[in-house]
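Participant: Have a look at this one before I ask anything.
Readers should treat all values here as calculations from the given coordinates under stated rules, not as data from a laboratory. Computed from a prediction, not measured in an experiment: that's the story for all the values here. Glycine gets a Cβ as well: all are built from the backbone with ideal geometry, and neighbour counts include every protein chain shown.
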Amino acid sequence: MADLVLQLSRVAYERSGRRLIDGVGLSLRAGEAAALVGANGAGKTTLLRAVAGLLPATTGDITATGLDPRTAAPAAVARRRIYAEQHPSCAWDQTVAELGALGGRPAAWEDWAGRLALTDLAERPLASLSGGERQAAHLARLFASLEEPYGALLLLDEPTAALDRGRRETVHAAVRAWAQAGAAVLVATHDEAWARVFPRVLALEEGRLIADGPPAAVFTAGLVRAVWGGSAA
């Protein structure tokens, strides 16, 4: 259907004889936001990297914004897909402003730099920033690159892990706004409270999709113990 942004069928990935993704199937439509949860090593990052087209040896069927990211031209994939990795890095020590200039959309960068409290850090080298400030700078660059939300795919890997409260709330609001504008958003997160506000939650265990549904159905006592070591609220 026209509003289907992401579709996976029997997706698997192996490394050094270990299956890190094991037969995952799911779909996301325009306007849908889902949280991806699971214990450390469950396969969340690997799945996002596979969907982003960064693991060409992945098997199974992957269609993201109408393309197979493993075989499509990277530029074509990047036009309709944002992938925010968990630990972003740069090949050289740019300033915050130089990082923002890479996106080629100065007005959008200025907007996101303001939202994520980066304006006063513009001339600071990235290496001089705290981990949360660096993460915010990389997120601002990526967010500023999105020209049209409708039908776009956003893959965010622990985007708020190092952020302070104000920046976390900005990212939370952005995810809601993008979904409302018609983007499909998949967010890997260890933030249980945030995951519970998503309308849909996907749970991974040892590379397999073990649950997919609303938070009330997915957050069983067993799942909460496995992922967070506590009890379901």
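Participant: Run through all the Cα pairs of the chain and give the fraction in each 10 Å bin from 0, expressed as whole percent.
Facilitator: 8, 32, 36, 20, 3
Participant: Using the number of other C-beta atoms within 10 angstrom as an exposure proxy, rank S16, S130 with the fewest first.
Facilitator: Going from least to most buried by this count: S16, S130.
Participant: Between H190 and D3, what FRET efficiency comes out of the Förster formula 1/(1 + (r/R0)^6) with R0 = 35 Å and r the beta carbon distance, rounded to 0.05?
Facilitator: 0.75
Participant: What is the list of residues in the stretch 90-109 whose amide nitrogen lies under 20 Å from a point 7 angstrom out from the Cα of S128, following Cα to Cβ?
Facilitator: Residues 90-102 qualify, since their backbone N sits under 20 Å from the label point.
Participant: Putting +1 on Lys and Arg Cβ atoms and -1 on Asp and Glu Cβ atoms, find which of L154, G31, G17 reaches farthest to the positive end of the dipole of the chain.
Facilitator: About the Cα centre, the residue reaching furthest to the positive side is G17.
Participant: Next question, about the same structure. Size of the dipole of the chain about the Cα centre, Lys and Arg at +1 and Asp and Glu at -1 on the beta carbon, nothing else charged, in debye to 20?
Facilitator: It comes to approximately 420 debye.
Participant: Go ahead and run the numbers for FRET between R176 and E147, Cβ-Cβ distance against an R0 of 22 Å, rounding to 0.05.
Facilitator: For R0 = 22 Å, the calculated efficiency reads 0.70.
Participant: Follow-up question, since we're still on this one. What GluC sites (Glu not before Pro) in the stretch 42-138 are in a loop by DSSP, with at most 15 other Cβ atoms within 10 Å of the Cβ?
Facilitator: Hits after loop and neighbour filter: E123.
Participant: Which ordering of R15, R208 is given by a fewest-first count of other beta-carbon atoms within 10 Å?
Facilitator: Neighbour counts put them in this order, fewest first: R15, R208.
Participant: Using amide H atoms built 1.01 Å from N in the peptide plane, name the residues 5+ places from R208, or on other chains, whose amide H lies under 5 Å from its own.
Facilitator: For R208, whose amide H was placed from the backbone, the distant partners under 5 Å are D22.
Participant: A follow-up question, please. If each residue of separation counts as 0.36 nm, what is the full-extension length gain between D164 and D212 once their alpha-carbon separation is subtracted?
Facilitator: Going from the current span to full extension adds 14.3 nm.
Participant: Still on this model: Could you list L126, L153 in order of exposure, starting from the residue whose Cβ has the fewest other Cβ atoms within 10 Å?
Facilitator: Placing the least packed residue first, the sequence is L126, L153.
Participant: Tell me what the chain gives for mean residue ellipticity at 222 nm when only DSSP H runs of n ≥ 4 count, each as -39,500 (n - 2.57), the sum divided by the residue total, rounded to 500 deg cm²/dmol.
Facilitator: -9000 deg cm²/dmol
Participant: In addition: Give me the extension gain from D120 to S16: residue separation times 0.36 nm, minus the current Cα-Cα distance, reported in nm with one decimal.
Facilitator: Additional length available on full extension: 32.9 nm.
Participant: Sketch the reach of a paramagnetic label on T220 as a point 7 Å from Cα along Cα-to-Cβ, and name the residues of the stretch 39-57 whose backbone nitrogen lies under 16 Å away.
Facilitator: Under cut-off, by backbone N: 39.
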